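K.L.:
Below is the structure I would like to discuss, written out as structure tokens.
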Amino acid sequence: MRAKHIFETWSRILRGHTPMLSIEITRECPLHCPGCYAYGENHLGGELTLRQLVDNRGDQLVDGVISLVREHRPLHVTLVGGEPMIRHRELSRILPELASRNIYSMVVSSGIIPIPMEWMKLPRFTAAISIDGLPEHHNVRRHPATYDRILSNLGGRRVNIHWTITAQMLERPTYLEEYVRFWAGRDEVRHIWVSIYSPQRGEQSRERLTPAQRHLVAAELPRLRNLYPKLLTGRGYAEALLDPPQSPQECTFSRLSRNYSADLTTRVEPCVFGGDPDCSQCGCAASAAAHWISQVQIAGPLKAGHVLRGSMHLGNALARLQNMAVPAWRARQPISSQKSDLVNISMD
């Protein structure tokens, strides 16, 4: 399957496609999580913030997302926010359309709103729920999306769990295994992904891991993977966390993806974190996985990364010759400067 997906990505690049598309479909969110990159002052480059954008709803949102899909012809679409489930009615129209186009889709949610049961029947669809630690940390960081509320909303669903490890979680030696054991034991959980908190350049925060803590996590994840197969973190993945790409230009995930914010025009650059990420301390699960896969040997010394980079160069050349839309790994566009008042919502 790995070789099949690499070949499919390669072929789409050659045809001028953007393999991965991420869209912040709303600026609204009832949570106020410490360290949330989406609401950071520099997330959109510093001239405006997510809260200042004019976002869309109804037909305007549905048509806007499908328009971006037509433009970029992605293999995979990730729908985030804000809290994307605030727009669950629109998603109930968007997701079947993506499935009909044979596009993989994922909605990344806090779990504060139940996922419609009919989504579970959609082909190539994944629901990912962000659970940042055990209740002692998660319930404080992500209130009102508490464990009790999430577990109630997951009944009868099948989801992936995404966990961002922060420094505070490493103060107890057994913490990592306690977390994995709990979620791996849930019937609702297909897989568990792990990220390490990824800071902005120059950031000093309690969430940021020390070099020693990063090594501790990288050493522990392969052991836990052997005990709990739902955890998607083998040795190669852990090694990628210790040796992340040093710049967006070296990051396979950044180069193969294009990211839009809630007005469906403003670009999020250089990657989903926006702003000025400290790539030397990146712990992004998607970046680590892409970096790991790029090191997979296909034949002899030939690695997947060689094929992908060659495809990018050839795709650029074909785009120039055919006067096609500029692929995602080429020059970035200036961001929009639209502003408006934020719509406040309450989630009791």
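K.L.:
Can you pull a Stokes-Einstein diffusion coefficient for region 150-212 at 4 °C (1.567 mPa s), Rh from Kirkwood over Cα pairs, as a whole number of µm²/s?
P.N.:
Details: Rh = 13.4 Å.
My calculation gives 96 µm²/s for D.
K.L.:
Run the paramagnetic zone check for LEU242: 7 angstrom along Cα to Cβ, then residues of region 128-167 with backbone nitrogen under 20 Å.
P.N.:
Those under the cut-off are 165-167.
K.L.:
Quick one: P(r) of region 172-266 from all Cα-Cα pairs, 5 Å bins, percents rounded to integers, in order of increasing distance.
P.N.:
Pairs per bin, as whole percents: 2, 10, 18, 19, 18, 15, 11, 5, 1.
K.L.:
For the pair LYS121 and ASP63, what calculated FRET efficiency results from E = 1/(1 + (r/R0)^6), where r is the Cβ-Cβ distance and R0 = 30 Å, to the nearest 0.05? Before the final figure, lay out each step's value.
P.N.:
Details: r = 24 Å, r/R0 = 0.81.
Efficiency, from the Cβ-Cβ distance: 0.80.
K.L.:
Classify region 23-298: rounded, prolate or oblate, from the alpha-carbon gyration tensor (a ≥ b ≥ c, eigenvalue square roots; a/c under 1.5 rounded; otherwise prolate if a/b is larger than b/c)?
P.N.:
On the way: a/c = 1.41, a/b = 1.22, b/c = 1.15.
Rounded, because the longest to shortest axis ratio a/c is under 1.5.
K.L.:
Ranking TRP119, TRP163 by Cβ neighbours within 10 Å, fewest first, what do you get?
P.N.:
On the way: TRP119 19, TRP163 23.
Sorted ascending by nearby Cβ count, the order is TRP119, TRP163.
K.L.:
Separation of region 79-116 and region 160-223 by C-alpha centroid, Å?
P.N.:
Rounded to whole Å, the Cα centres lie 26 Å apart.
K.L.:
Taking the mean number of other Cβ atoms within 10 Å as a proxy for protection, how do you rank 243-253, 206-216, 128-138 from highest to lowest? Could the numbers behind the result be given before it?
P.N.:
Values: 243-253: 17.5, 206-216: 15.1, 128-138: 19.3.
For the peptides 243-253, 206-216, 128-138, the packing ranking is 128-138, 243-253, 206-216.
Quick note: the coordinates plus some simple rules give every number you see, no bench work behind them. For clarity, every value in this text was computed on a predicted model and none was experimentally measured. Positions of Cβ are generated from backbone atoms using ideal geometry, with glycine treated the same way; all protein chains shown enter the neighbour counts.
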